Every structure is written in C-alpha cells, then in structure tokens.
Amino acid sequence: MDQDLRREWLNGIITRWEKQLLRLCFAYLCDTTLAEDAVQETFFKAWKSRDRFRGEADEKTWLTRIAINTCKDLLKSAWARNTDRSVNPDALPEGSVPFDEWDDTVTRAVMALPPKIREVTLLHWYQGMTLEEMAQTLRFPRSTVNYRLKKAKMMLKQELEEWYYDEE
C-alpha cells in the first residue's frame, strides 16, 4: 500500500472511530489525558500493523482490540498503579451521539462494576457490539461473553431497581 493510500486510510479510521475509542479508553483508564494518549497509541499501532490486518474481524473490532490492549498495558504501568483514577462522569469525553444527561446514576453504576463485567457492558451498550463482535474483540468464547453480559444485566438491575422505579 503506498503512502498516500495509507495516509487516506488512517485519516478515514480516525474520522470513523476516534470518538468511540476515546470514550472506551476513558472508561478503562478514568483519565482524559491518558485516554487521549491510548487512542493516539491505538492509531499508531494500527498504522504500523495495517499490512498484517487479515480482515478476519471488521475494522471496529480490530481497533477496539488494539485499544483495549493498549489500555491494559497502561494500567499495568507503575504510574497507573499509584494514581487515584476514580471516575467522574462529568469528565467523560463528548460522545459520538448527542446525549442529554439529566441523571448520572446509570453511568456511575456501570463504572462501579468489576472490570471484567464493565468491559462487556461498555462494548455492548456503549460501543453497540454484538456478542460475536465482543467475543472476537476480547478473544473469549461467546459463552464467556454471554455469561458476563448476563451478570452485568443482573448486577445493574439490582443496583438500579430502586432508582428506576423511583423515577416513574
């Protein structure tokens, strides 16, 4: 692939996926600046490995996998282990879809989930991925992803039941 085509391809994936990846990385890292760095690193890794992309998954799944791995690497760093990364929903990057948030109870409940459960929740409800896409992205059997998603639903239902019925 020549440089002009590669540049055009990179600009295209940045345009299509930057906001979604930024939200995902922020949800993992709980830090806007670190999330921006992770997204930039994701696109850099994609640029470097574009010729090795086999097309077994779609572009979104491939980029999401790179972003998740990048976030996990950042979380393993000494800096991340020694930093308070508590989530402030007001600090979330702007979404790709307009959203008028009148109550952050749901966001706080999702962010309080255990990491493995939160991961599938973010991919399914925030990124709009199917079970198959999540299984490819996470490299888990579909049954594992399905179990975690059901557990997330159960935990969120339990956590949000009073809030939901309180609002009616």
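The values are calculated or read from the model by the stated rules, or taken from the named source; none is laboratory data. Predicted, not measured: the structure shown is a model, and the values here were computed from it. All Cβ positions, glycine included, derive from the backbone under ideal geometry; neighbour counts span all protein chains shown.
Numbers at a glance
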{"quantity": "Check on PHE43, out of contact with any His (no Cβ under 8 Å at 6 or more places or on another chain), modelled with pLDDT of 90 or more, of a type outside the set (Asp, Glu) and over 19 Å from THR121 (Cα atoms)", "calculated": "yes"}
{"quantity": "Unmet requirement for THR15, which otherwise passes all of (1) part of a helix (DSSP H, G or I); (2) among the hydroxyl-bearing types (Ser, Thr, Tyr); (3) modelled with pLDDT under 90", "calculated": "(3)"}
{"quantity": "Check on VAL110, closer than 14 Å to CYS30 by Cα and either at pLDDT below 85 or in a helix (DSSP H, G or I) (or both)", "calculated": "yes"}
{"quantity": "Selected residue [surrounded by 12 or more Cβ atoms within 10 Å (Cβ to Cβ), acidic (Asp, Glu) and modelled with pLDDT under 90] from ASP90, ASP166, ASP104, ASP84", "calculated": "ASP104"}
